[in-house]
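K.L.:
This is the structure I want to talk about, given as structure tokens.
What follows is calculated from the coordinates using simple rules that are stated; it is not laboratory data. Values in this document were obtained by computation on a predicted structure and should not be read as measured data. Every residue, glycine as well, gets a Cβ built from its backbone with ideal geometry; the counts of neighbours run over all protein chains shown.
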Amino acid sequence: MAIPTETQVLEWFESLSNWGRWGGDDQLGCLNLITPEKRKRAAALVQEGVPVSCARPITTEMAPDISFQVQRYMVDSGEGRDTDTPERKVTRRGAAEFVGMVFHGQTITHIDALSHYSWDGTLYNGKPASMITSREGAQTHSIEPASDGIVSRGVLLDIARVRGVPWLAADDPVMPEDLEEAERLQGVRVEEGDILLVRTGNYRRRLEQGGLPASEPSTACQVACAPWFRERGVAMFGTDTSNDIRPSQYPNIGSPLHTMCLVTMGLWLIDNANLEEITQACAERNRYEFMLTLGPLRLRNITGSPVNPVALF
């Protein structure tokens, strides 16, 4: 499939819209596709009770591809505990720290809520972007609708394996035909209500090359995959990248996949997953489906959440 033109992508902002599909006040978007029956079927996939994390470690260490430096300072520590006076030993509290972060970016594994992006001043389902304010935060479409957790069948499609490379080159985006070829080779099919994980090998490249400059061009799923996501009924989508090709292939659309998914389709995103261990676990079992659980922090009026997606085999 050829890379779609900007005109075609702009038309998809209308034709792929899920606005009003689940009611005018809906804030769950495609998470509505994860039904109780879907969760029960996902739970039935658990055969061994083996968990695998799909998150990158959150670190305060400096690295070239850190989008925003994570801050940490100790409120109290264990230093000097052996020489404290008896009175101080009674009153001194345990070790604790402050941690501050901007989780959106290219480093931390996180969920994008539907308030994270807007298009022409509008959020998913036609709500005004002005409802996301500097004082009150996300007064609509925040992470809170997902506070009970997200549980469904997870499906991993390993595109780097399909291409026979350790990771995809920056000028080699994932196209719909790659997704279907991965399904064929892995003997799995993405179905309605699934959480789809797509591996490009980006995180492996970061690990082996000691980090990459934040300005480094990178690949991801091309926005051409968006109609495929809608046709299959994907409930949530994530990759081992920040989920948009950098730099953008379109002069007037900065982050086409984010915008198409979050604003037009109401499709929640997982950015910057670690898909190396889950890929190994799937390959060892020759099974690319599993129960996947995500427990976003119960944050008030926030546009997403750091998260640790956990697959259970």
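K.L.:
What order, most packed first, do the peptides 293-303, 193-203 have when packing is the mean number of other Cβ atoms within 10 Å of each residue?
P.N.:
193-203, 293-303
K.L.:
Over the chain, what is the percentage of antiparallel beta bridges among all DSSP beta bridges, to the nearest 5?
P.N.:
70 percent
K.L.:
State the answer as a single residue: which of I3, A311, Q209 lies farthest towards the positive end of the charge dipole of the chain, with beta carbon charges of +1 for Lys and Arg and -1 for Asp and Glu, about the Cα centre.
P.N.:
A311
K.L.:
Mind giving me the nanometre distance, one decimal, between the label points for Q8 and R72, set 7 Å out from Cα along Cα→Cβ?
P.N.:
If labels sit at Q8 and R72, their model points lie 4.6 nm apart.
K.L.:
Right, something else. With θ set to phi - 60° and the Karplus curve 6.51 cos²θ - 1.76 cosθ + 1.60, what are the ³J(HN,Hα) couplings of segment 24-31 in order, to the nearest whole Hz, using x for Gly and Pro?
P.N.:
After applying 6.51 cos²θ - 1.76 cosθ + 1.60, I find x, 9, 5, 10, 8, x, 5, 5 Hz.
K.L.:
Taking Cα atoms, how many degrees apart are the long axis of helix 176-186 and the longest axis of the chain, rounded to 10 and kept between 0 and 90?
P.N.:
70 degrees
K.L.:
Moving on. I want the local charge near V198. Using Cβ-Cβ distances under 10 Å, sum +1 for each Lys or Arg and -1 for each Asp or Glu among the other residues.
P.N.:
-2
K.L.:
Now for a different question. So for each of 55-65, 92-102, 141-151, 21-31 I average, over its residues, the number of other beta carbons within 10 Å; can you give me the resulting order with the highest mean first?
P.N.:
Final packing ranking: 141-151, 21-31, 55-65, 92-102.
K.L.:
Given the options P166, P86, P251, which has the most mean-square fluctuation in a GNM of the chain, springs set between C-alpha atoms less than 10 angstrom apart?
P.N.:
Highest fluctuation of the listed residues: P86.
K.L.:
How high is the relative contact order of the chain? Use alpha-carbon pairs under 8 Å, at least six apart in sequence, and give a whole percent.
P.N.:
It rounds to 31 percent for the chain.
K.L.:
Between [x] 32, 25, 18; [y] 33, 24, 21; [z] 63, 19, 16, which entry matches semi-axes √(5λ) of the Cα gyration tensor in Å as derived from the coordinates of this structure?
P.N.:
Here semi-axes √(5λ) of the Cα gyration tensor in Å agrees with entry [y].
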